[in-house]
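These notes concern the structure reproduced below.
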Amino acid sequence: MKVIASSLRKGNIVDIDGKLYVVLNAESFHPGKGTPTTQVDMRRISDGVKTAQRYKTTEQVERAHVEDREHQYLYQDGDGFHFMNMENYDQVALPADIVGDQAAYLAPEMKVKIALHEDVAVSIELPQKTTLEVMETEPSVKGQTASSSYKPATLSNGVRTMVPSFVGPGTRIVVMIADGSYVERAKD
């Protein structure tokens, strides 16, 4: 199905010259003068080669027909990351290059969406946010206000992020999976 380039989003699958690409990043530019363009960073699914393409925002791009299915994360081993289809209990193993940087945020029993093209997994979408525990942080400096000062912290999955000064070790926090940024203290 044809769509305009400016409607492409991260995780979309596009068909260019018979090859499938997953969109890693899509950004539209609207200069004061000239034609608005959309810069699309993509990875070819067949061999993992990354490429960047610039389109006019109204240019038509062929979007591949993919089916999103909900899966549950089970475990990781030498074959990759294993997921179970929630409808028929079939198991799917995804290689590490499809999961990418998001692997650090995978937790047992986490619900994810896996995009399938002709029954082959081509991309994975994790929830927007997840709850993690702060393992260690630097001590707060007296006199800093909580509204503007952030300090580095290491989370239970090993990722480092910046947290407000009132957050200490053992605190459970909500983080955005896309960039690992602090959202709020967990309510549980």
### Query
If you go through region 33-59, how many residues are aliphatic (A, V, I, L, M) and touching a residue at least 40 places away in the same chain (Cβ under 8 Å)?
1
### Task
Using the structure shown, decide if Ala93 is of a type in the set (Gly, Ala, Ser), under 23 Å from Asp47 (Cα atoms) and not in a strand (DSSP E or B).
no
### Message
Exactly one of these conditions fails for Gly100: (1) within 17 Å of the chain's Cα centre (by Cα); (2) assigned to a helix (DSSP H, G or I); (3) in contact (Cβ under 8 Å) with a residue 24 or more places away in the chain. Give me its number.
### Response
(3)
### Residue among Ile45, Ile4 that is surrounded by 14 or more Cβ atoms within 10 Å (Cβ to Cβ), in contact with an Asp or Glu (Cβ under 9 Å, 6 or more places away or on another chain) and on the phi < 0 side of the Ramachandran plot
Ile4
### Query
Within the group Val61, Val22, which residue is in contact with a helix residue (DSSP H, G or I) (Cβ under 6 Å, 6 or more places away or on another chain), part of a strand (DSSP E or B) and of a type in the set (A, V, I, L, M)?
Val61
### The listed residue being surrounded by fewer than 12 Cβ atoms within 10 Å (Cβ to Cβ) and touching a residue at least 40 places away in the same chain (Cβ under 8 Å), out of His30, His65
His65
### Task
Could you tell me whether Val134 is closer than 27 Å to Glu27 by Cβ and either over 16 Å from the mean Cα position of the chain (by Cα) or touching a residue at least 40 places away in the same chain (Cβ under 8 Å) (or both)?
no
### Task
Return only the number of the condition from (1) closer than 26 Å to Val183 by Cβ; (2) modelled with pLDDT under 90; (3) open to solvent by less than 80 Å² (accessible area, probe 1.4 Å); (4) assigned to a strand (DSSP E or B) that Tyr73 does not satisfy.
(2)
### Task
Would you check if Glu136 is open to solvent by 90 Å² or more (accessible area, probe 1.4 Å) and either assigned to a strand (DSSP E or B) or modelled with pLDDT of 85 or more (or both)?
yes
### Task
Mind telling me which of the residues Thr130, Thr154 ends up being in contact with a Phe, Trp or Tyr (Cβ under 9 Å, 6 or more places away or on another chain), open to solvent by less than 40 Å² (accessible area, probe 1.4 Å) and at pLDDT 85 or above?
Thr130
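The values are calculated or read from the model by the stated rules, or taken from the named source; none is laboratory data. Every value quoted in this text rests on a predicted model; they were computed, and no experiment measured them. No Cβ is skipped: glycine too gets one built from the backbone with ideal geometry, and neighbour counts run over all protein chains shown. Side chains are part of the model used for accessible areas, which takes the heavy atoms of the whole protein and leaves out ligands, DNA and RNA. Shrake-Rupley method; radii C 1.70, N 1.55, O 1.52, S 1.80 Å.
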